[in-house]
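Since the structure comes first, as structure tokens, the remarks are kept for the end.
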Amino acid sequence: MTMHAGGGAPQLMLLHGFAGSGASWLPLLERLPASWVAHCPDLAGHAAASAFEIPSFDAEVDRIAATLTLTLGGVGGGAPNGAHLVGYSLGARVGLGLLARPPDRFASAVLVGVNGGLETAAERTHRWQQDDRWASLLEERGLEAFFESWATQPLFRSQQVAPAEGLADQRRIRAGLDPRALGRAMRGLSLAKMPDYRAAVADFAHRRPLELVAGELDLKFRSIASDLAATWGVAVAVVEGAGHNVLLEAPAALARIVERVVGRAGRR
């Protein structure tokens, strides 16, 4: 889905979070220059991509990479002419897979609420058990029961005071999802199944503008972002008053961050 169009303008690849869609990026796009080109694909198991199988996390990264090549004309080959990657949560993790792959496709990246990967087998087993239970809830009881339980997690409590329009859009997007396809995405794109990308992304971080974003109220991902930033030597933008879903809770602040990072790439 291409949301904006403009000749010669920056081109963005925007990757949504779990239980979102390409349309989840509208609050951000409304605050970016109208001439910018933004491609917002649906991840496998979501919206228009609900029919896609998910044989592995890497396979989904490959699919999105092919989408980038087809839709944005394979822009890349080095800054400043590459696309600019913005990913939130699940989309940020898929984004790490793209940043870890040659050839260079991106001139910059902004990753919101990202996890670089799990280190131990015990961590992977624990996360898999959690995600498998969530997927079973989707399959057995459907969307309404799932989201009622999903929203009670501490990670999402701050969304109770998110902009009303954004919450209404989120409900509309979620209502159109297929619970069985979303369950497949929960399992196939689980953090437990994702490679540890920390070492692989270090090279990109050393050569291109990369900024991590976390909400002030999201203590878990602020800590993760701080650790990743120390590993990669990059900055963390902490968004005041926001929780995990900065895209939903503070889209204007996120737009300012994206514009700043894209501008940095253009000056290199």
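Quickly run through region 102-135 and pick out the residues that are surrounded by fewer than 16 Cβ atoms within 10 Å (Cβ to Cβ) and touching a helix residue (DSSP H, G or I) at 6+ places or on another chain (Cβ under 7 Å).
132, the sole residue that qualifies.
Contact list please: Cβ distance under 7 Å, first residue in region 248-268 and assigned to a helix (DSSP H, G or I), second residue surrounded by fewer than 24 Cβ atoms within 10 Å (Cβ to Cβ) and polar (S, T, N, Q), pairs at least six apart or on different chains.
That search, which allows pairs on different chains as well, returns 248/159; 248/170; 249/158; 249/159.
Which count do you get for residues in region 129-172 that are part of a loop (DSSP other than H, G, I, E, B) and among the polar types (S, T, N, Q)?
2
Determine which member of the set 83, 164, 151 is at pLDDT below 95, aliphatic (A, V, I, L, M), in contact with a strand residue (DSSP E or B) (Cβ under 8 Å, 6 or more places away or on another chain) and more than 19 Å from residue 57 (Cβ to Cβ).
Going through 83, 164, 151 in turn, just one is at pLDDT below 95, aliphatic (A, V, I, L, M), in contact with a strand residue (DSSP E or B) (Cβ under 8 Å, 6 or more places away or on another chain) and more than 19 Å from residue 57 (Cβ to Cβ): 83.
Table: residues versus (1) of a type in the set (Gly, Ala, Ser); (2) free of Cβ contacts under 8 Å to residues at least 40 places away in the same chain; (3) farther than 26 Å from residue 163 by Cβ; (4) in contact with a Pro (Cβ under 9 Å, 6 or more places away or on another chain).
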| site | (1), (2), (3), (4) |
| --- | --- |
| 52 | no, yes, yes, no |
| 70 | no, yes, yes, no |
| 86 | no, no, no, no |
| 89 | yes, no, no, no |
| 99 | no, no, yes, no |
| 102 | no, yes, yes, no |
| 111 | no, no, no, no |
| 114 | no, no, no, no |
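Quick one: would you say residue 218 is open to solvent by less than 20 Å² (accessible area, probe 1.4 Å), out of contact with any Asp or Glu (no Cβ under 7 Å at 6 or more places or on another chain) and modelled with pLDDT of 95 or more?
yes
Within region 203-231, can you find the residues that are closer than 18 Å to residue 82 by Cβ and not in a loop (DSSP other than H, G, I, E, B)?
203, 204, 205, 206, 207, 210, 211
Go through 192, 185, 181 for me and flag whichever is open to solvent by less than 70 Å² (accessible area, probe 1.4 Å) and farther than 30 Å from residue 258 by Cα.
181
Exactly one condition in (1) touching a Lys or Arg at 6+ places or on another chain (Cβ under 9 Å); (2) in contact (Cβ under 8 Å) with a residue 12 or more places away in the chain is false for residue 151; which is it?
(2)
The values are calculated or read from the model by the stated rules, or taken from the named source; none is laboratory data. The structure displayed is predicted, hence computed values, not measured ones. Positions of Cβ are generated from backbone atoms using ideal geometry, with glycine treated the same way; all protein chains shown enter the neighbour counts. With ligands, DNA and RNA removed, areas are computed over all heavy atoms of the protein, side chains included. Shrake-Rupley method; radii C 1.70, N 1.55, O 1.52, S 1.80 Å.
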